[in-house]
């Protein structure tokens, strides 16, 4: 759980009793290492993809159905030869 702190006049950090989730913290919020790592993972999930990632996703979304169709068409042609 984070800790709400403010900068005192003498330059030190002073812990407040205000919980950081209440929206009443006017200073800084100190977080643990685990909380920081979790927030970075969440940030990376919603990060804007790079151009290379978008190109790869488009290529996969286009070539996978086309390849599946062509393979199914070829298999159907081969199977139809045995029906004759």
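The values are calculated or read from the model by the stated rules, or taken from the named source; none is laboratory data. If you're wondering where the values come from, they're calculated on a predicted model, not measured in any experiment. Neighbour counts are summed over all protein chains in view; Cβ atoms, including those assigned to glycine, are modelled from backbone coordinates with ideal geometry.
Data table
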quantity	calculated
Unique residue being within 29 Å of the chain's Cα centre (by Cα) and outside the structural domain of residue 3 (by TED's automatic domain parsing) when the list is 66, 81	66
Some residue of the stretch 62-83 being modelled with pLDDT under 85 and at positive phi	no
Selection status of residue 35, surrounded by 11 or more Cβ atoms within 10 Å (Cβ to Cβ) and free of Cβ contacts under 8 Å to residues at least 60 places away in the same chain	yes
Residue 30 being in the same structural domain as residue 17 (by TED's automatic domain parsing) and within 29 Å of the chain's Cα centre (by Cα)	yes
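Table: residues versus (1) without any contact (Cβ under 8 Å) to a residue 24 or more places away in the chain; (2) surrounded by 10 or more Cβ atoms within 10 Å (Cβ to Cβ).
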residue: 17; (1), (2): yes, no
residue: 23; (1), (2): yes, no
residue: 27; (1), (2): yes, yes
residue: 30; (1), (2): no, yes
residue: 41; (1), (2): yes, no
residue: 48; (1), (2): yes, no
residue: 56; (1), (2): yes, yes
residue: 68; (1), (2): yes, yes
residue: 82; (1), (2): yes, no
